[in-house]
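A short worksheet on the structure shown next.
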Amino acid sequence: MQEGQEVMSNTIKEKDKARHTANSRLKERGRIASPESEKRQEIQEAQESNIKSDLALMCARAKEVGALAAAPILAQDVVLDERVRLKCWVPRCAHYDQNWMCPPHVIPFSEF
């Protein structure tokens, strides 16, 4: 067997062993991992890695353009308050009713 084939063979054996170990754990819990579920898991892990990487890049970019601090936060930690809309209305902002990102065009808080 050539060296490249031997390395490939060892890699396949390691993957098979890892799959067998994962299947054994799932079997103990009453579930068996399928190739599809393993692929979904790999995709999910890659997406999470990409998200973390993208967030780090966005935070770095924010600091480059002048932000004193930048950090990701969870959507559930954002506080919505109807009074913010009133700041656009009284006194009337020059942008009020002028674009789709300003009141009264933004969706109601109840729909967030």
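Can you say whether residue 82 is in contact with a helix residue (DSSP H, G or I) (Cβ under 6 Å, 6 or more places away or on another chain), of a type outside the set (Val, Ile, Thr) and modelled with pLDDT under 95, as far as the supplied structure shows? Answer is yes for this residue. Looking across segment 51-66 at every residue that is surrounded by 11 or more Cβ atoms within 10 Å (Cβ to Cβ) and under 29 Å from residue 106 (Cβ atoms), the one that is modelled with the lowest pLDDT is identified as 51.
So if I check each of 38, 48, which one is surrounded by 10 or more Cβ atoms within 10 Å (Cβ to Cβ) and at pLDDT below 85? Don't jump to the end; show me each part of the working.
Working: 48 fails: at pLDDT below 85.
Testing whether each residue is surrounded by 10 or more Cβ atoms within 10 Å (Cβ to Cβ) and at pLDDT below 85 leaves just 38.
Of all residues in segment 94-108, those that are hydroxyl-bearing (Ser, Thr, Tyr) have Cβ atoms under 9 Å from Cβ atoms of residues that are exposed (fewer than 11 other Cβ atoms within 10 Å of the Cβ), 6 or more apart or on another chain, in 96/104. Could you please find all residues in segment 80-92 being within 16 Å of residue 108 (Cβ to Cβ), part of a loop (DSSP other than H, G, I, E, B) and among the hydrophobic types (A, V, I, L, M, F, W, C)? Answer for segment 80-92, where residues must be within 16 Å of residue 108 (Cβ to Cβ), part of a loop (DSSP other than H, G, I, E, B) and among the hydrophobic types (A, V, I, L, M, F, W, C): just 80. Residues in segment 81-112 that are under 25 Å from residue 51 (Cβ atoms) and surrounded by 10 or more Cβ atoms within 10 Å (Cβ to Cβ): none.
The values are calculated or read from the model by the stated rules, or taken from the named source; none is laboratory data. These numbers were taken from a predicted model, which means no experiment stands behind them. Using ideal geometry, Cβ is built from the backbone for each residue, glycine included, and neighbour counts are taken over all protein chains shown.
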